[in-house]
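Participant: Just passing along the structure, written as structure tokens.
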Amino acid sequence: MVLVHGFTDTWRSWDLIRPLLEREHDVLAVTLPGHAGGPAIEGPVTVETLAAGVEAAMDDAGFETAHIVGNSLGGFAALQLAVRGRAESVVALAPAGGWKAGDQNYLGAMDYFRMVRELLRAAAPHADSIAATAQGRRRATQMLTVNFEHIPPDLIAHQIRGAAGCDRGMELFEYAQREGWELDAARVTCPVRMVWGTEDRILRLPGAAVRFREEWVPQAEWLEMEGVGHCPHLDVPADTAELILGFTSL
């Protein structure tokens with residue numbers, strides 16, 4: 001199983017569910033190219049940059065194919081890996097790129113990430129102090145999760161520093177803004193489960209899922225998690241692990 005985190009995050013985004021998934025799978029949690037701790041992006045960013053980076057990590061680990069689980073930008077990359085024939089199944093948690101062609105609402109997500117990136121760069125030297133208080137942990141996670149009390153302070157501090165160190169991340173969204181989000185969906189032949197939290201504040205339903213539902217993967221199984229935010233694996237880790245394992249064991 002390969003776990004692909006979201007925009008500005010790192011492989012540790014999966015810390016809360018990885019031990020549960022490892023009971024049934026050999027698990028590879030990657031860090032995307034251009035993100036803190038991940039491989040450098042050589043040359044210009046394209047729509048294939050992320051999937052190519054994950055594919056290289058799979059090759060290094062000896063994974064010809066795998067069950068792919070991705071969140072947000074990583075969810076879109078997971079579907080790209082299905083196009084490349086590397087996925088036995090895909091579980092996409094609030095994947096990016098599903099806005100209807102011409103819908104400008106995705107620009108709000110881009111503006112959010114630009115703003116937050118600057119704030120996090122200022123906050124990164126103080127990450128441990130921020131994560132040491134309940135108020136700080138809530139502020140750091142409020143756009144990602146509804147529930148936060150169970151998330152360890154060291155993980156939140158790591159995420160703050162990781163987001164601040166995402167050196168070429170915005171180029172990925174800027175490329176998508178220029179060229180559009182495209183997926184050769186006819187080549188997605190593996191089983192797909194799409195999962196969305198009803199309280200997602202970054203990729204809001206229904207608009208952020210239109211192309212997935214109507215155009216790209218209408219055959220997918222759809223699940224909505226009531227009262228859950230953008231990152232179900234952080235928000236309700238046990239429930240998220242259960243729905244992943246329930247799908248990959250079919």
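The values are calculated or read from the model by the stated rules, or taken from the named source; none is laboratory data. Predicted model, so just to flag it, every value in this text is computed and none were measured. Neighbour counts run over all protein chains shown; Cβ positions are idealised from the backbone, glycine included.
Participant: Can you find even one residue in the stretch 230-237 that is touching a His at 6+ places or on another chain (Cβ under 7 Å), crowded, with 22+ Cβ neighbours inside 10 Å and within 12 Å of residue 93 (Cα to Cα)?
Facilitator: no
Participant: Then there's this: If I ask for residues that are among the aromatic types (Phe, Trp, Tyr) and assigned to a loop (DSSP other than H, G, I, E, B), which ones from the stretch 64-78 would you list? So that I can check it myself, show each step before the final result.
Facilitator: Applying the first criterion (among the aromatic types (Phe, Trp, Tyr)) to the stretch 64-78 yields 76.
Listed by number, the list is empty, since nothing qualifies.
Participant: Quick one: which of 57, 40, 77, 51 is hydrophobic (A, V, I, L, M, F, W, C), farther than 17 Å from residue 234 by Cα and surrounded by fewer than 19 Cβ atoms within 10 Å (Cβ to Cβ)?
Facilitator: 40
Participant: In the stretch 206-243, what residues are in contact with a helix residue (DSSP H, G or I) (Cβ under 6 Å, 6 or more places away or on another chain), assigned to a helix (DSSP H, G or I) and of a type in the set (Val, Ile, Thr)?
Facilitator: 240
Participant: On to the next question. Which residues, counting only those in the stretch 92-139, are of a type in the set (D, E, K, R), at pLDDT 75 or above and loosely packed, with under 12 Cβ neighbours inside 10 Å?
Facilitator: Passing the criteria: only 118.
Participant: Still on this structure, please answer the following. Being crowded, with 23+ Cβ neighbours inside 10 Å, within 17 Å of residue 91 (Cα to Cα) and among the small types (Gly, Ala, Ser) narrows it down to one of 220, 208, so name that one.
Facilitator: Details: 220 fails: crowded, with 23+ Cβ neighbours inside 10 Å.
Exactly one of 220, 208 is crowded, with 23+ Cβ neighbours inside 10 Å, within 17 Å of residue 91 (Cα to Cα) and among the small types (Gly, Ala, Ser), namely 208.
Participant: Going residue by residue through the stretch 190-205, is there one that turns out to be touching a residue at least 24 places away in the same chain (Cβ under 8 Å), out of contact with any Gly (no Cβ under 8 Å at 6 or more places or on another chain) and part of a helix (DSSP H, G or I)?
Facilitator: Among the residues of the stretch 190-205, not one is touching a residue at least 24 places away in the same chain (Cβ under 8 Å), out of contact with any Gly (no Cβ under 8 Å at 6 or more places or on another chain) and part of a helix (DSSP H, G or I), which makes the answer no.
Participant: On to the next question. Could you please let me know if residue 142 is out of contact with any Leu (no Cβ under 7 Å at 6 or more places or on another chain), at negative phi and buried (at least 22 other Cβ atoms within 10 Å of the Cβ)? Talk me through it step by step, then tell me what you get.
Facilitator: Numbers: out of contact with any Leu (no Cβ under 7 Å at 6 or more places or on another chain): yes; at negative phi: yes; buried (at least 22 other Cβ atoms within 10 Å of the Cβ): no.
Here the answer is no, as residue 142 does not meet what is asked.
Participant: Among the residues of the stretch 135-169, write down those that are farther than 16 Å from residue 31 by Cα, in contact (Cβ under 8 Å) with a residue 60 or more places away in the chain and among the aliphatic types (A, V, I, L, M).
Facilitator: 143, 144, 146, 151
Participant: Can I ask one more? Only one of (1) more than 13 Å from the chain's Cα centre (by Cα); (2) in a strand (DSSP E or B) fails for residue 29. Which number is that?
Facilitator: It fails just one condition, (1).
Participant: Still on this structure, please answer the following. Consider residue 186 carefully, then state whether it is more than 17 Å from the chain's Cα centre (by Cα) and either buried (at least 16 other Cβ atoms within 10 Å of the Cβ) or over 18 Å from residue 3 (Cα atoms) (or both).
Facilitator: Taking the combined requirement at face value, the residue satisfies it.
Participant: Restricting the search to the stretch 118-155, which residues are under 20 Å from the mean Cα position of the chain (by Cα), part of a helix (DSSP H, G or I) and either small (Gly, Ala, Ser) or closer than 20 Å to residue 94 by Cα (or both)?
Facilitator: Answer for the stretch 118-155, where residues must be under 20 Å from the mean Cα position of the chain (by Cα), part of a helix (DSSP H, G or I) and either small (Gly, Ala, Ser) or closer than 20 Å to residue 94 by Cα (or both): 140, 141.
Participant: Related question: Please verify whether residue 97 is on the phi > 0 side of the Ramachandran plot and either touching a Phe, Trp or Tyr at 6+ places or on another chain (Cβ under 7 Å) or outside any loop (DSSP other than H, G, I, E, B) (or both), treating the condition exactly as stated.
Facilitator: yes
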